[in-house]
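Participant: For reference, the structure I am asking about is given below.
The values are calculated or read from the model by the stated rules, or taken from the named source; none is laboratory data. Not measured: the values here are computed from a predicted model. Ideal geometry is used to build each Cβ from the backbone, glycine not excepted, and the neighbour counts take in all protein chains shown. The accessibility values were calculated without ligands, DNA or RNA, using every heavy atom of the protein model including side chains. Shrake-Rupley method; radii C 1.70, N 1.55, O 1.52, S 1.80 Å.
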Amino acid sequence: MSKSSKNNKYGSQENMPNKDANDDPIDLDDLLPKIGEFGIYQKLLLWFVCLPACLPCGFCAFNQLFMTDVPDHWCRVPELQKFNLTQDEQKLFTIPRKVDDNTTFEKCTRYSINWSEIISLDEIEFNNRWTQEPCLDGYEYDKSEVISSVVIDFDLVCDYDVYPTLGLVALNVGGPIGVYTFGILNDRIGRKKSFFTCLTTLLIGSLMTAYAHKYWFWVLARAIVGLTIPAIYQIPFIISLELAGPNYRSFVTVMTCIFYTLGLVLLSGITYMLRDWRSLALATSVPFFLYYLYWFVLPESPRWLLMRERFEEANNILKSIAKVNGKELPTEYTTKIQRQVLEQAMHGVKETKTVSMFALCRTPNMRLKTCLITLNWCASEMVYVGLSYYGPAMGNSQYMSFFLSSAVEIPSYLVCWVLMDRVGRRWPLCLSMVISGIFCIVTVLLPKDAETETLILYLISKCFISASFLIIYPYAGELYPTELRGVGIGTSAYIGGLGLIIIPFVNYLGSSNLVLPLVVMGAVSVVGGLTALRLPETLHCSLPQTAEEGEEFGKDWTYADCFKCGGQRPIVEAESYENLDQLELTQAPVVDEISELPNIRRSSMRKLVRQASIVETQRDLDGNMKMTYWF
């Protein structure tokens, strides 16, 4: 609607001022540069509140790997207690050796002998052809390294060895449910209250985990913890992202990923010091009760407050940001707030439009891109999480292996951050997934005793898949048009979360063959990476706004485009929320430099455009933030 038509619409109302540009919805992306895009307020919030809030997610998502340690075990023979034998001597008399390895004892069978009738061991003539039977009296465990675990307490070995895997499945089943639930809560009650609701749920599930005395109660506790993962990580991330200006969103994103990874590194040290699973569950959850103190310092998102038309509360938070940053709120913003309060009083709250996920599949090109994005998202997330779960099984020390598998993520994030702005998104995504998959598959060529070599290949694979996991989210956000971006990202992320349910079963294959899960995940990674070449490049491209533009974007793709790297610089044609090149056109040039205007720039502005397009603020059709879409 043009400015003149807006004036005509309200011109008949005496008490209503003429509509002008101030009547447009308040866009914090325009306001934040004036009160501080990343000033002292945002830095304090990021470093002391939002980044530490990343720790609970990593701690509670991966501490379960060490709760379910499976130590060496063998059948218990209670009658042998009267002979005062050591564990090695008991195994020697009662446990048969494996057929293919005479130095290793069986774990789930014993010799079928009535030891209660044996008066002296000297009477026995040892015979390795004795009849064998299952472990009828329970199991003995080697507790030299692991004092206790869920496996030891609940005897989850032999016929029940799949039960720890089911516990991991319960954790992953809770994830998509919780993400959707807390996404809705974020839209309805706000980011701040949702975070503390999520934190409370996490702590309840963790305490239930620590005090579980039945296996199925423990599984229920893990499902409750799973409801909060990854929501407990994403909510503070979104708050910091919404308070940072467009030029710093990618920095906030990368720092959040790095701090999350540092949490995993810290977890490896905690698990090394605590070998009791109940103590581990408490140590990785009870300290987070201190996060309730954040209630007094964590602000509500002003974007959400503006969406809910709670202008006074939003105004107070923005005043605080401006004051701490040493700035002042612009007068035009204050005028706009007053106008919108009057608009709200006269017309009430406008009903929000929603977009269906089926809109992603109505046209052929958009349907193809949606399928490819979702496939890449699912493959990247499954392989990343699968390799993270598999880390403790690699090498000689599960603690060192998990430490290394976490530490290799940090350089991959930093390198990937640079490459995305120079090379583009498509090729880094493709190469990172393909290379990761190849190194996984190559492990099948190594001999069974090549533990160090297998660990090295695994770490290289984990490094590359971590890079793809960082790329896929912003790349998907750029491929989906603004009109469908929220529901598109939400759909792809949700399907990716559902894919995690099968990952524990893939890792379970490693109980019989160590490299088999790596081969399966490697194949998934290679297939996902190759399909990424069919997607159009988004670097330096104006992002599509409507569903029609989304259909046209990349429609002229040819096989020759597979080998193209990077993208062409866009030509500004129309106003666009994402196209920040317009900012330069609205600035008055210095008179002496008018003749040189076409040649000015553009390093700083190019950086601004690239950074802004990396992580965009998701909005619905009316321009309002909808938290559900972030998940």
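Participant: Would you mind getting the accessible area per residue of region 175-327, heavy atoms of the protein chains only, 1.4 Å probe, in Å²? Please report the intermediate quantities before stating the final value.
Facilitator: Details: 5870 Å² over 153 residues.
Accessible surface, normalised per residue, equals 38 Å².
Participant: Counting only C-alpha contacts under 8 Å and six or more residues apart, can you give the relative contact order of region 117-269 as a whole percent?
Facilitator: Taking the mean separation of contacting Cα pairs over the length of region 117-269, I get 22 percent.
Participant: Another question, then. Assuming 0.36 nm per residue, please report the length gained on full extension of the stretch Asp142 to Leu498 beyond their Cα-Cα distance.
Facilitator: Numbers: separation 356, 0.36 × 356 = 128.16 nm, distance 3.62 nm.
Using 0.36 nm per residue and subtracting the Cα-Cα distance, I get 124.5 nm.
Participant: Mind ordering 476-482, 41-47 by average Cβ neighbours within 10 Å, highest first?
Facilitator: 476-482, 41-47
Participant: If I take every Cα pair under 8 Å that is 6 or more residues apart in region 200-286, average their sequence separation and divide by the length, what percent do I get for the relative contact order?
Facilitator: 38 percent
Participant: Separate question: Quick one: order Leu220, Leu535, Leu329 from most to least accessible surface, probe 1.4 Å.
Facilitator: Leu220, Leu329, Leu535
Participant: Hey, rough spin-label estimate for Trp47 and Tyr272, points 7 angstrom out along Cα→Cβ, what's it come to in nanometres?
Facilitator: Result for the modelled spin labels: 2.8 nm.
Participant: Could I have the simple spin-label model distance between Val423 and Glu328, label points 7 Å from Cα toward Cβ, reported in nm to one decimal?
Facilitator: 4.9 nm
Participant: So what is the accessible area of region 37-89 per residue, in Å², with the probe set to 1.4 Å?
Facilitator: In whole numbers, region 37-89 has 39 Å² accessible per residue.
Participant: Could you check the simple spin-label distance between Tyr180 and Lys448, using points 7 Å along Cα→Cβ, in nm with one decimal?
Facilitator: Those two pseudo-labels are separated by 4.4 nm.
Participant: Dipole of region 161-294 (Lys/Arg Cβ +1, Asp/Glu Cβ -1, origin at the Cα centre): which of Tyr233, Thr197, Val252 lies farthest to the positive side?
Facilitator: In region 161-294, that residue is Thr197.
Participant: Select from Trp304, Phe288, Gly269 the residue farthest towards the positive end of the dipole of region 239-313; place +1 on Cβ of Lys and Arg, -1 on Cβ of Asp and Glu, and compute about the Cα centre.
Facilitator: The one lying farthest along the dipole's positive direction is Gly269.
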